[in-house]
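The values are calculated or read from the model by the stated rules, or taken from the named source; none is laboratory data. All values derive from a computational prediction rather than experimental measurement. Note that each Cβ is placed from the backbone with ideal geometry, even for glycine, and that neighbours are counted across all protein chains shown. For accessibility, only protein heavy atoms count, side chains too; no ligands or nucleic acids. Shrake-Rupley method; radii C 1.70, N 1.55, O 1.52, S 1.80 Å.
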Amino acid sequence: MNALTFQGKQHISYTKIPDSQLLHDTDAIVKVTLCAICGSDLHVYHARETGLDCGTAMGHEFVGEIVALGKKVVSLKKGDQVLSPFTTNCGNCYYCCIGLTCRCVQGQLYGWVQNGLGLHGGQAQYVRVPLADSTLVKFNQSVSPEEALLIGDVRSTGFYCAHQADIQAQGVYAVVGCGPVGLMAIIAAQELGAEKVYAIDNIPERLNLAQQFGAIPINFTQQNALAIIQEATQGRGVDAVMECVGSPAASRLSFDLIRFGGTISTVGVHTSTQFTFSPMEAYDKNVNFKIGRSPARYYLQQLLNNTPNSPYDICQIITHQFKLAEGAAAYTLFDKKQDGCIKVVLRNE
């Protein structure tokens, strides 16, 4: 089968790899219909995360049709249209039971093979899904494949970010970074009751879309975000910041923006080795700091159920579509944010 594979720093190739096969009785094979490039894929693309085997199929965002099942899979059948979170989940361990599905003791991240061990990703014609019963979620025609694709990662991650921010109706909030996850956090914050959300970024296309989703845009290269928010909150700062970048600059700005006792909810993937604020600063500000990977699987069914009645068109964030075979060019465009790119979807044709 064909897949987009990691071949070294900034080198993605559309190549043949061995066909996906059932290895365990609890596996499923999914024929991929749509997949997408995620911002966290760029950490691999730029080789910031070392150890990935060359030839690994990339990606962890996909939807498709079940074409093969292990004999112990009971809740799914061939022909089902399914989406997946970005990690597999057993559904029974301590972490799955408390809703922290991203830390399942048997969980694996799609698109990570190291020293021959791991799980190939979904930017491929087919993908093997371990623990299929508790990982995959069926969807019907009330939700489009594009919506289901977004729900599997960026939509659920944005919702988690907003949920961690403890949204209250009368609060004032800020989203730092208006990429796909940040835009989904804006939507989620309003779904959870927020009436005033500031959107901070420097890319006009993203800020325009944030404004369409109901946020107040601030271009930090042209405006002083801290001064604007201080004036809007009588000098206090926002009640919570949803940080969706994962950079030291975004982390520091988030700290500076919150009021005493405020919350920083961080879902951006950080690779730095230290915080940009000190323990003394955090103590003096009574900071609530929440950080980590989204338990996407925990939210999937709720978000699927809510999507048909939502006033928000989450698919507006999809700015570009390519054939899977054109994926190397798609990575370049997405990485460099060319042509107003926000989110890239790849079609398996």
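When you scan region 88-117, how many residues do you find that are farther than 15 Å from Ala57 by Cα, among the polar types (S, T, N, Q) and touching a residue at least 60 places away in the same chain (Cβ under 8 Å)?
Here is the first cut: in region 88-117, the residues farther than 15 Å from Ala57 by Cα are 88-107.
If we keep only those that are among the polar types (S, T, N, Q) as well, we get 88-89, 92, 101, 106.
Next, from what is left, pick out any that are touching a residue at least 60 places away in the same chain (Cβ under 8 Å): 89, 101.
The qualifying residues number 2.
How many residues does region 7-29 hold that are under 23 Å from the mean Cα position of the chain (by Cα) and among the basic types (Lys, Arg)?
Looking only at that region, the number is 1.
With a cut-off of at least 1 residues that are of a type outside the set (Ser, Thr, Tyr) and closer than 18 Å to Asp41 by Cα, name the helices (runs of 4 or more DSSP H) lying wholly within region 69-162. Break it down stepwise before answering.
Numbers: elements: 94-97, 132-135, 145-150.
In region 69-162, the matching helices (runs of 4 or more DSSP H) lie at 145-150.
Checking the conditions here, which among Ala232, Ala194 is crowded, with 22+ Cβ neighbours inside 10 Å and either among the hydroxyl-bearing types (Ser, Thr, Tyr) or farther than 30 Å from Thr88 by Cβ (or both)?
None of the others qualify; the one that does is Ala194.
For Val245, are the conditions met, namely being buried (at least 23 other Cβ atoms within 10 Å of the Cβ), among the β-branched types (Val, Ile, Thr), in a loop (DSSP other than H, G, I, E, B) and out of contact with any Pro (no Cβ under 6 Å at 6 or more places or on another chain)?
Details: buried (at least 23 other Cβ atoms within 10 Å of the Cβ): yes; among the β-branched types (Val, Ile, Thr): yes; in a loop (DSSP other than H, G, I, E, B): yes; out of contact with any Pro (no Cβ under 6 Å at 6 or more places or on another chain): yes.
Criteria met by Val245.
Can you name the residue in region 258-298 that is in contact with a Ser or Thr (Cβ under 6 Å, 6 or more places away or on another chain) and among the hydroxyl-bearing types (Ser, Thr, Tyr) and, of all such residues, is most open to solvent (accessible area, probe 1.4 Å)? It would help to see each step written out before you state the result.
Here is the first cut: in region 258-298, the ones in contact with a Ser or Thr (Cβ under 6 Å, 6 or more places away or on another chain) are 264, 267, 269, 276, 288, 290-291, 294-298.
Applying the additional criterion that residues be among the hydroxyl-bearing types (Ser, Thr, Tyr) yields 276, 294, 298.
On the way: Thr276: 42, Ser294: 4, Tyr298: 132 Å².
In this case the residue turns out to be Tyr298.
Name every residue in region 77-112 that is aliphatic (A, V, I, L, M) and closer than 17 Å to Tyr126 by Cα, in order of residue number. Reasoning before the result, please.
Going through region 77-112, the residues aliphatic (A, V, I, L, M) turn out to be 82-83, 98, 100, 105, 109.
Within region 77-112, Val82, Leu83, Leu109 meet the criteria.
Kindly indicate the residue of region 299-325 that is without any contact (Cβ under 8 Å) to a residue 60 or more places away in the chain and either at positive phi or surrounded by 17 or more Cβ atoms within 10 Å (Cβ to Cβ) (or both) and also nearest to the chain's Cα centre (by Cα) among those meeting that condition.
Restricting to residues being without any contact (Cβ under 8 Å) to a residue 60 or more places away in the chain and either at positive phi or surrounded by 17 or more Cβ atoms within 10 Å (Cβ to Cβ) (or both), the top hit is His320.
Please specify each residue of region 26-56 satisfying the condition of being hydrophobic (A, V, I, L, M, F, W, C) and either in contact (Cβ under 8 Å) with a residue 60 or more places away in the chain or open to solvent by less than 10 Å² (accessible area, probe 1.4 Å) (or both).
In the first step, residues of region 26-56 are kept if they are hydrophobic (A, V, I, L, M, F, W, C); the result is 28-30, 32, 34-38, 42, 44, 47, 52, 54.
Those that are hydrophobic (A, V, I, L, M, F, W, C) and either in contact (Cβ under 8 Å) with a residue 60 or more places away in the chain or open to solvent by less than 10 Å² (accessible area, probe 1.4 Å) (or both): Ala28, Ile29, Val30, Val32, Leu34, Cys35, Ala36, Ile37, Cys38, Leu42, Val44, Leu52.
Which residue pairs have Cβ atoms closer than 6 Å, lie 6 or more positions apart in sequence or on different chains, and pair a first residue in region 204-227 that is open to solvent by 60 Å² or more (accessible area, probe 1.4 Å) with a second residue that is not in a loop (DSSP other than H, G, I, E, B)?
So the pair list comes out as Glu205/Gly340; Gln211/Pro217; Ile216/Tyr198; Phe220/Ile200; Leu226/Asp256.
Please go through region 326-348 and give me each residue that is open to solvent by 60 Å² or more (accessible area, probe 1.4 Å) and either within 16 Å of the chain's Cα centre (by Cα) or among the acidic types (Asp, Glu) (or both), ordered by number.
Glu326, Asp339
Take the conditions open to solvent by less than 10 Å² (accessible area, probe 1.4 Å), in contact (Cβ under 8 Å) with a residue 12 or more places away in the chain and assigned to a loop (DSSP other than H, G, I, E, B) and apply them to Gly59. Does it pass?
Yes; evaluated as a whole, the condition is true for this residue.
Test each condition in (1) open to solvent by 10 Å² or more (accessible area, probe 1.4 Å); (2) within 13 Å of Cys161 (Cα to Cα); (3) of a type outside the set (S, T, N, Q); (4) part of a helix (DSSP H, G or I) for Gly182 and report the one that comes out false.
(1)
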